[in-house]
Amino acid sequence: MLEKENYTTTQNNASNLENMDSLHRVQLGDKEIYLLGTAHVSEKSVEEVRVAAREIKPDTICVELCATRYQTLMHPDAWKNTDIYQVIKENKALFLLAQLVLSSIYRKIGKKLGVKPGAEMIEGIKQAEKSGAALVLADRDVNITLKRIWSSLSFWGKLKLLMQLLVGLAFPGDIKQEDIERLKNKDQLQMVMEEFSKSFPQIKKTLIDERDQYLAHKIAESPGRKILAVIGAGHIPGIKKHLDKKIDPEPLLTIPPKPVWPSIIKWGVPLIIIGLLVLGFVTQGAEHSVQSIYIWILVNGFFSALAVSLALAHPLTIATAFVAAPLTSLNPTMAAGWIAGLVQAWIKKPLVADLENLPQALTSIKAFWLNPVCRILLVVVLANQGSVLGTFVAGTWIFTRVI
C-alpha cells in the first residue's frame, strides 16, 4: 500500500500499485514523484519495477546508478580492459581490491537467489527505453563515494574494513529469498545500518547519508511532471527527508584534501631512523651503527617478504620484497608493494582469461587467492603492510639500542 506523508503523499487507486508496500508517492510542486524501494538482488523488485513503469507511465525514470556503475552493468566484460600496471603505478591496488571484494558479496547473494545484482536497475533502464521516458542516472559517481569513504578512514580503519570485506567474501551462510525481501522492511534495514555505523560511522555518513541528499537533488531536478525513481529501500527515508530541500551538490562531489599527518609520518620516520643511525655512530661507534643497519635490513625485509609469501607470490617476487622494503621505507616517494607488484605482474603477466575469470575468482577465498590478478593486488597490499610492520619493529629495536 502506498505510504502516506504529512505534506506530500496521497493515495493511488491503481490496484496493482496498491499492493506495493515499497512504493511511495510524493507531490513536489507540480511534480508527481514515485519512489520505489527495492532490494538489489530481488526478483520481486524486478517485477515491481516492471509493473510500476507500466501503471504510472512516467515521463522520467531515475535509477540508483552513476555513469560508472551503468557501464559496469551494461558492459560486464569491462574487466578485460583493466590495466594492472597502471593500477599499481597509481597506488590503487588496495582501493581496487576493496571494490572487487565488495562487489563479490552482492554477486554471491545474487547467485544463490538466481538474480543478477542490479537486475532491478537494468529493468528500469529497459522500461525507459521501451516507453520513451527520459532516463536519469541519479546516483553520485561510485569513485567519488569510495574516495570519500577511504579518505575518512584511519590506517587501521582501512585494514579493519578490508578484513570485514574478506570475511564477507568467505561467508558461507545460506541466504534465502525471504531473507532478502525482509531487508526491504524499513525498520529492520535501519537497524542494520545503525549496527554498521557503530564500527564505521564515517562510512554510513558517506555511503548512505550523503547519497540520500544527492539522490534527492537529482530526482527533484529531473525533467517531466511524473517521475519514477528506482532506489534501494534503505535510501527511501533519507530521500523523503531531503526531497523538498534546496541542496547544493558541489560539496558532495569534492574529494577531501589529504590530511597532513600521513605526510609528516612518511617523511618523519625515515629522518628519525637515519638520525638514530647517525647518533649510534657518534655515541657508540661504527660497529654499533653497522649492526643497526643489519637490523634494519633484515627485519624490514623479513616482514615484507613474509607478507608477500602469504599471497603465494613467485620466489623472485618474495626476494624483491625483501630487498626493496628496507630501501623504500627510507624513501617516501616509493613503496615496496609497487616494486614487488610490478615484478609479480612481469613474471606472471595476467591474461585476458584471468580478467574474464574475476567474477568467478571472487566467489571463494581459494579462487580469489589463486587468480593471478587478485594475487598481484595482494602482493602490492601485503608487501606494503609488511614493510610498515617491519619499519615499526626495526625502528623500535634500533631506538632501544641507541637510547
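What follows draws every value from the coordinates through simple rules; no lab data is involved. In this text the structure is predicted, and so the values were computed from the model without any measurement. Cβ placement follows ideal geometry from the backbone for every residue including glycine, while neighbour counts extend to all protein chains displayed.
Would you kindly derive the ³J(HN,Hα) couplings of the range 222-231 from the backbone phi angles with the Karplus curve 6.51 cos²θ - 1.76 cosθ + 1.60 (θ = phi - 60°), listing them in order in whole Hz, with x for Gly and Pro?
The phi angles translate into 5, x, x, 9, 10, 10, 10, 10, 8, 10 Hz.
Given a cut-off of 24 Å, name the pairs among Lys147/Lys226; Lys204/Lys258; Lys44/Lys245; Lys205/Lys246 whose C-alpha atoms lie farther apart than that in the structure shown.
The pairs that break the limit, which is 24 Å between Cα atoms, are Lys147/Lys226; Lys44/Lys245.
Please tell me the relative contact order of the range 261-402 in percent, rounded to the nearest whole number, where contacts are Cα pairs under 8 Å and at least six residues apart.
About 33 percent, as a whole number.
Could you work out the relative contact order of the range 229-330, using alpha carbon pairs under 8 angstrom and six or more residues apart, expressed as a whole percent?
20 percent
Rounded, prolate or oblate, given the Cα gyration tensor of the range 244-311, with a/c below 1.5 counting as rounded?
oblate
List the residues, sorted by chain then number, that are 5 or more residues from Glu32 or on another chain and whose placed amide H is less than 5 Å from its amide H.
For Glu32, whose amide H was placed from the backbone, the distant partners under 5 Å are Lys226, Ile227.
Could you check the simple spin-label distance between Thr400 and Lys366, using points 7 Å along Cα→Cβ, in nm with one decimal?
Computed distance between label sites Thr400 and Lys366 equals 4.2 nm.
At Gln284 and Lys226, where each label point lies 7 Å from the Cα along Cα→Cβ, what is the point-to-point distance in nanometres?
Between Gln284 and Lys226, the label points sit 8.2 nm apart.
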